[in-house]
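Below is one structure, written out as structure tokens; the observations come after it.
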Amino acid sequence: MNIIIPMAGMGKRMRPHTLTTAKPLLPIAGKPIVQRLVEDIMATCNEPVDEIAFIIGPGFGKDVEAHLCKVAEALGAKGKICYQEQPLGTAHAILCAGDTLKGNVFIAFADTLFKAAFSIDKNRDAIVWTQKVDDPTAFGVVKLNAQGEIEQFVEKPKEFVSDLAIIGVYYFKDGEGLKKELQRLIDEKIMLKGEYQITDAMDHMLQNGVKFYTGQVEEWLDCGNKDNTIYTHQRILEIKKNTEQLVSSSAVIEDSVIIPPCFIGEGVVVKNSVIGPHVSLEKGVLAEDSRVINSIVQSDSIVKNAHISDSMLGKNVTYIAKPTELSLGDFSTQI
């Protein structure tokens with residue numbers, strides 16, 4: 001099987017954190033989002049993977065490309081870099097990895113993490129993973145027939161059709177067949193709001209006899225903006241706390257309390273502080289005289305005399321709050 005990871009978006013909703021780092025490479029408990037995605041796919045689907053194609057923008061840089069290839073190689077697969085020169089939609093992005101569209105193909109967009117345990121039925125033509133949502137009007141959804149097969153794809157329905165939202169994770173038995181459908185959209189200029197959409201390709205495949213089924217995930221974790229990323233980070237720490245070593249043996253923790261689950265990276269120094277729960281201090285962070293809760297502090301940053309929560313600090317940030325000297329009389333209130 002091959003895996004395709006479209007990740008060429010600029011991550012504008014995550015600025016300023018994506019000004020120097022591609023969104024899929026932002027860390028979640030010590031690992032980039034895209035690395036966690038690929039690891040979870042390979043662990044849950046239990047299928048040998050030959051090739052992982054990462055579809056990136058042309059300006060990501062050679063260091064990013066080398067890192068992505070290293071992620072694939074560490075998992076026993078060949079890493080391949082493909083470029084999407086223009087943001088022309090999901091179908092266009094996938095087609096940029098055209099040489100990888102062969103045989104069994106698994107596709108997952110890189111701003112989505114999930115908790116699931118699925119085994120792929122390779123006899124099925126196609127599988128679209130979904131999650132039940134309270135408000136389907138904000139999502140693309142699938143409608144099922146009595147046999148449990150998908151009979152319709154509906155984009156952001158104004159009236160109730162289904163509460164099964166498409167999360168951006170797909171399996172196709174025939175990668176070459178999907179490639180032809182995606183190319184058809186380009187050739188016939190079938191677009192929605194100036195973009196080529198994979199749902200248009202799947203809808204045409206459905207009309208031509210391809211049978212689509214749905215798989216459901218236990219949790220769908222979005223990394224689309226800062227608040228969602230903080231929540232996803234919290235859930236990943238809870239999910240991984242018993243299966244990953246989250247506190248590095250090289251961390252120095254002096255006169256401090258770590259409230260788990262937290263990720264404490266290599267070379268981190270914590271002094272006179274209370275850290276956690278749900279905090280990541282990435283490699284080389286110094287936290288001193290501080291209280292940090294439910295936050296991500298990226299590598300080589302300094303936090304002193306601070307009380308922060310629900311926050312993201314980038315790489316090489318220095319945040320030093322001034323200690324306060326007070327003289328308050330009886331019955332005073334200072335807010």
Here the relative contact order (percent) of the chain, from C-alpha pairs under 8 Å and at least 6 apart, is 14 percent
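Indicate, rounded to the nearest 5 percent, the antiparallel portion of the DSSP beta bridges found entirely in the chain.
Details: 24 of 71 bridges.
DSSP beta bridges in the chain are roughly 35 percent antiparallel.
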Per GNM of the chain with C-alpha springs under 10 angstrom, the most fluctuating residue out of 147, 84, 245 is 147
Taking every DSSP bridge whose two residues both lie in region 1-122, the antiparallel percent to the nearest 5 is 10 percent
Mean accessible area per residue over the chain (1.4 angstrom probe, all protein chains present, square angstrom) is 49 Å²
Only helices counted: for the chain, with every DSSP H run of 4 or more residues adding -39500 (n - 2.57) and the sum spread over all residues, [θ] at 222 nm is -6500 deg cm²/dmol
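Mind running the shape call on region 82-238? Use the C-alpha gyration tensor, a ≥ b ≥ c as the square roots of the eigenvalues: rounded below 1.5 for a/c, prolate if a/b tops b/c, oblate otherwise. Please report the intermediate quantities before stating the final value.
Working: a/c = 1.39, a/b = 1.23, b/c = 1.14.
Because its axes are fairly even, with a/c under 1.5, region 82-238 counts as rounded.
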Across the alpha-carbon set of region 26-102, Rg over Rh with Rh taken as the Kirkwood radius works out to 0.96
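Taking 4 °C and 1.567 mPa s as the conditions, I'd like the Stokes-Einstein D for region 190-335 in µm²/s, using the Kirkwood hydrodynamic radius from alpha carbon pairs. List each step's numbers first, then the result.
Values: Rh = 18.3 Å.
For these conditions, the coefficient is 71 µm²/s.
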Expressed in angstrom, Rg and Dmax over the Cα atoms of region 204-265 are 19.5, 67
Checking rank on 312-319, 197-204, with mean other Cβ inside 10 Å and highest first, the result is 197-204, 312-319
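For region 69-148, what is the Kirkwood hydrodynamic radius in Å, using each pair of distinct C-alpha atoms?
Working: mean 1/r = 0.0625 Å⁻¹.
Kirkwood hydrodynamic radius for region 69-148: 16.0 Å.
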For residue 180, the lysines lying under 18 Å Cα to Cα, once residues fewer than eight places off in the same chain are dropped, come out as 102, 189, 211
Per the C-alpha gyration tensor (a ≥ b ≥ c, the square roots of its eigenvalues), region 1-144 is rounded if a/c is under 1.5, else prolate if a/b beats b/c, else oblate; here it's rounded
Expressed in square angstrom to the nearest 10, the accessible area of residue 240 with a 1.4 Å probe stands at 30 Å²
Note to self: C-alpha centroids of region 125-161 and region 1-70 sit apart, in Å, by 27 Å
Looks like region 258-316, by Cα gyration tensor root eigenvalues a ≥ b ≥ c and the a/c under 1.5 rounded cutoff (else prolate when a/b is bigger than b/c, oblate otherwise), is rounded
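Leaving out ligands, DNA and RNA, what percent of the accessible area of region 1-155 is carbon and sulfur, probe 1.4 Å? Walk me through the numbers on the way to the answer.
Details: 3170 of 6670 Å².
Carbon and sulfur together cover 48 percent of it.
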Heavy-atom accessible area of residue 25, protein chains in place, probe 1.4 angstrom, given in Å² to nearest 10, is 30 Å²
Relative to the chain, whose Cα atoms define the longest principal axis, helix 226-240 and its Cα axis are tilted in degrees, nearest 10, by 90 degrees
For the chain, longest principal axis from Cα atoms; helix 33-45 axis from its Cα atoms; angle between them, nearest 10 degrees, is 50 degrees
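The values are calculated or read from the model by the stated rules, or taken from the named source; none is laboratory data. Worth saying up front: this structure is predicted, and the values here are computed from it rather than measured. Neighbour counts are summed over all protein chains in view; Cβ atoms, including those assigned to glycine, are modelled from backbone coordinates with ideal geometry. Just the protein is used for accessible areas: all its heavy atoms, side chains included, with ligands, DNA and RNA removed. Shrake-Rupley method; radii C 1.70, N 1.55, O 1.52, S 1.80 Å.
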